[in-house]
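Note sheet for the following structure.
The values are calculated or read from the model by the stated rules, or taken from the named source; none is laboratory data. Worth saying up front: this structure is predicted, and the values here are computed from it rather than measured. So basically every Cβ, Gly included, is an ideal-geometry build from the backbone, and we count neighbours across all protein chains shown.
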Amino acid sequence: MNTGVHHSYRAFNYKYMNQIKLTLILLLIGTTIVAQDDALFHIEKDPVSVSEFKYIYEKNNRDKADYSKPSVDEYLDLYINFKLKVHKARELGYHKSETYQRELQGYRSQLADSYIIDKEVISRMVDEVYDRQKQDVELKHILISVDRKTSPEQEEQAYKHVLKVKKAIDDGLGFGRAVLQYSQDRNSAAEGGDIGFVNAPLPDGYIEIEDVAYGLEVGDVSDPIRTDLGYHIIKVISKRPARGTMEAQHLLIRNKSASGIRLAGAKPKAQKIYESIAKGERSFDEATIISSEDKDTKGNKGNLGFFTIGQYERSFEDAAFALAKDGDISEPVETSIGWHIIKRVSKRPLDTKDIIRERLKNSPKKGDRFERIRGDVVDEIKKEASFKEDKKLLSEFTNALSSDYYNYNWQIPEIEDKALVTFGSDQHMISDFIGFVKKNSKERMRAKGQLPIEQSVQSIYNSYVTSKAIAFAESRLEERYPEFNNLMREYKEGILLFDIAKDMIWDKASKDTAAIATFFQSNSDNYKWKTRAQLTKYSVRTTEPAQVTTMVTYAKDNSSEDVLALFNKGKELLITNEETLEEGHKNLEGIPMQTGYVSKPVYNDKLQVTTFVKIEEVIPSRNKTLKEAKGYVISDYQDQLDKDWIEELKKEYKVKIHNKQLKRLYK
């Protein structure tokens, strides 16, 4: 039998069901689903689609799913057997039991938890970062500074100011002139507002800049955007393929003295060193150790580690990333501190989607990008669900609140309990929202002195709507995601199989002692001991050959008790261990099955231990007793019960295979 298919069978029989764990099944998410709903076979009137069979065939066979005729036919037979058992379980009503329903709901809850977040939000974040990281974007900006914790009045004043600046630019004031006239970033203003090149992902607080950088075309000027620093107006200067991350070494010749006086001989000195390296007169490493004036790196051959854009001055960065391959060396390039000769050590490729996904999945579910994309997903869910909200009811609740709203124990106002929000046919009452507000006591108390009641309630309301939108989508995962529907089908059928197999096979095989005895008697020749060796293993705490030889010689003609009594006088020099091993055991390799045989000693100088074995008795082959073979007997009896049961099911239910669909599967 094909090994891959044989293992797949275990996915359908009762032994596999012992191993059902949510963590294992979660690993199966992402298997390709084939959109093909024609029936491959029927059990009575119940169809099994081609898509279902292909899903389970590919998942369980993995790289052995070659769709060859023998493989498909064998797997189809196994899957039909599986489906027959599930069909029987449903006919007997196993799916109606409270235990089944409770267990299935538990599995679904665990699977559904964060499914929308991982499937939609995280996936979109991955795609966005992956696509954006491919480009570096050069930016200039105008900044109107305002702190995040500023008063509403100051915030409004800053916003009006930046709108005025944007209007001036739109009316024809050049961006460069606007920078000089309005920007409060004095460091960049002298450079025309130059930020330099940026690359995704930017840190939290600056996602708006990233969105503008990758959303606008070269030459475009943005509308005002808010970051942690204040309000910005951004201009996109250029775009280029991303430079990525590089590891480099450098040799530095300083162009200024300690007192700041410019040194005229720095450039010729650097040029001379470069030429000697280029001619092969000395290596870069040797030259760096001898000549570099960067005391922090010269002892490490000038290694700077990995760096990316924006970490060093533009001239240094340009020269470093211009090096085409590992080991290339630049001509001297000047920065504010001196002349550098740069050697490329290595260059990392851009992050793959898998790397980005792993990083995002292992990070907390928060941050600007997460909030923005989650908001987009929630908006889509609201649209799909024909979302409705009673803003008047929310205002009525808000207006009824007093200042004790900010306290842990606040007086909940009396208000008629009506539907506040509706997703599809799911209504959520104002009382449910009030409970949500009460539960969010920390957020309420933090808002005291920071936010008016109306803004605080609106913030909590937004969180409430988001949670209900996610819950609505998660309640309909089977409709939204074919792969989730497949997983839930596997759980449903797996639990049914587990339950019915327990009744039909496990309990019968373990409790029916008379049937087990009868089965054993009919198959007793299948349970045999091979020829066995009863042996003593000696471990000697010495590697002195003379001592060991004396012990080996004595052990040949004497019992282990006598050997221990003779050689362990005063201190424990010898220890023994008795074993009975069947012929073919790895510990008997090279040892003849001969009573009285003593092996050659094996010396372990490192541990200062020597070992040898003596065969005390050779036991001839014989049939095992039921007690000795019971575990194997029960397992084989279970297999026999399983085979008999399948034959009964095939007689009981009509199975029709649709050969036209089956032939289309063969490759």
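Let's see how each residue does on (1) under 24 Å from Gly244 (Cα atoms); (2) among the β-branched types (Val, Ile, Thr); (3) in a strand (DSSP E or B):
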site	(1), (2), (3)
Glu191	no, no, no
Phe197	yes, no, yes
Asp204	yes, no, no
Asp211	yes, no, no
Tyr214	yes, no, no
Glu217	yes, no, no
Arg226	no, no, yes
Exactly one condition in (1) of a type outside the set (Phe, Trp, Tyr); (2) under 38 Å from the mean Cα position of the chain (by Cα); (3) surrounded by 16 or more Cβ atoms within 10 Å (Cβ to Cβ) is not met by Gly193; state its number. (2)
In segment 395-414, the residues that are modelled with pLDDT of 90 or more and either among the hydrophobic types (A, V, I, L, M, F, W, C) or buried (at least 17 other Cβ atoms within 10 Å of the Cβ) (or both): Phe397, Thr398, Ala400, Leu401, Tyr405, Tyr406
Considering each residue of segment 37-80, count those that are crowded, with 19+ Cβ neighbours inside 10 Å, of a type outside the set (A, V, I, L, M) and closer than 20 Å to Phe484 by Cβ, and give that number. 6
Counting only helices (runs of 4 or more DSSP H) wholly inside segment 61-179, the ones holding at least 2 residues that are touching a strand residue (DSSP E or B) at 6+ places or on another chain (Cβ under 6 Å) and touching a residue at least 24 places away in the same chain (Cβ under 8 Å) are 69-91, 152-170
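Table: residues versus (1) modelled with pLDDT under 95; (2) within 26 Å of Ile356 (Cα to Cα); (3) not assigned by TED's automatic domain parsing to the domain that holds His161.
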{"site": "Asn187", "(1), (2), (3)": "yes, no, no"}
{"site": "Ala190", "(1), (2), (3)": "yes, no, no"}
{"site": "Pro203", "(1), (2), (3)": "yes, yes, no"}
{"site": "Gly215", "(1), (2), (3)": "no, yes, no"}
{"site": "Val218", "(1), (2), (3)": "no, no, no"}
{"site": "Ile234", "(1), (2), (3)": "no, no, no"}
Please go through segment 308-323 and pick out each residue that is surrounded by 14 or more Cβ atoms within 10 Å (Cβ to Cβ) and of a type in the set (S, T, N, Q). Thr308
Filtered residues of segment 380-418 (kept if of a type in the set (S, T, N, Q) and not in a loop (DSSP other than H, G, I, E, B)): Ser395, Thr398, Asn399, Ser403
Return the residue satisfying two criteria in turn: it lies in segment 533-573 and is surrounded by 13 or more Cβ atoms within 10 Å (Cβ to Cβ), out of contact with any helix residue (DSSP H, G or I) (no Cβ under 7 Å at 6 or more places or on another chain) and small (Gly, Ala, Ser), and of such residues it is nearest to Leu588 (Cα to Cα). Ser539
If I go through segment 597-617 residue by residue, how many of them are buried (at least 16 other Cβ atoms within 10 Å of the Cβ), free of Cβ contacts under 8 Å to residues at least 40 places away in the same chain and over 15 Å from Asn587 (Cβ atoms)? 0
Could you list all residues from segment 517-532 that are in contact (Cβ under 8 Å) with a residue 60 or more places away in the chain and either out of contact with any helix residue (DSSP H, G or I) (no Cβ under 6 Å at 6 or more places or on another chain) or of a type in the set (S, T, N, Q) (or both)? Ala517, Asn523, Ser524, Asp525, Asn526, Lys528, Trp529, Lys530, Thr531, Arg532
Go over the candidates Ala11, Ala65 one by one and state the one that is over 22 Å from Tyr653 (Cβ atoms) and modelled with pLDDT under 95. Ala65
Pairs, first within 22 Å of His161 (Cβ to Cβ) in segment 203-231, second part of a loop (DSSP other than H, G, I, E, B) and β-branched (Val, Ile, Thr), C-beta under 6 Å, six or more apart: Gly230/Val146
Scan segment 282-304 for residues that are under 13 Å from Lys343 (Cβ atoms), acidic (Asp, Glu) and surrounded by 15 or more Cβ atoms within 10 Å (Cβ to Cβ) and jot them down. Asp285
What tally of residues in segment 646-667 results from selecting those that are under 41 Å from the mean Cα position of the chain (by Cα) and either assigned to a helix (DSSP H, G or I) or loosely packed, with under 12 Cβ neighbours inside 10 Å (or both)? 9
Given the options Lys528, Lys508, name the one that is surrounded by 13 or more Cβ atoms within 10 Å (Cβ to Cβ), within 25 Å of Val633 (Cα to Cα) and either of a type in the set (Lys, Arg) or touching a strand residue (DSSP E or B) at 6+ places or on another chain (Cβ under 6 Å) (or both). Lys508
Can you find a residue in segment 347-354 that is of a type in the set (Ser, Thr, Tyr) and closer than 30 Å to Arg124 by Cβ? yes
Which residue out of Arg357, Arg344, Arg348 is closer than 26 Å to Tyr312 by Cα and surrounded by 18 or more Cβ atoms within 10 Å (Cβ to Cβ)? Arg344
Considering only segment 291-316, state which residues are touching a Lys or Arg at 6+ places or on another chain (Cβ under 8 Å) and either of a type in the set (A, V, I, L, M, F, W, C) or under 28 Å from Phe197 (Cβ atoms) (or both). Ser292, Gly302, Phe306, Thr308, Ile309
Taking segment 454-469 and keeping residues in contact with a helix residue (DSSP H, G or I) (Cβ under 6 Å, 6 or more places away or on another chain) and either farther than 20 Å from Asp113 by Cα or not assigned by TED's automatic domain parsing to the domain that holds Asn440 (or both) leaves Glu454, Ser456, Val457, Ile460
Exactly one condition in (1) modelled with pLDDT of 95 or more; (2) of a type in the set (Phe, Trp, Tyr); (3) touching a helix residue (DSSP H, G or I) at 6+ places or on another chain (Cβ under 8 Å) is not met by Tyr597; state its number. (3)
Exception for Lys366 within (1) within 22 Å of Thr466 (Cβ to Cβ); (2) of a type outside the set (Val, Ile, Thr); (3) in a helix (DSSP H, G or I); (4) modelled with pLDDT under 95 falls at (3)
Need a quick list: strands (runs of 3 or more DSSP E) entirely within segment 239-345 having at least 2 residues that are modelled with pLDDT of 95 or more and farther than 30 Å from Pro201 by Cα. 245-254
Test set (1) in the same structural domain as Arg314 (by TED's automatic domain parsing); (2) surrounded by 13 or more Cβ atoms within 10 Å (Cβ to Cβ) - Lys279 fails condition number: (2)
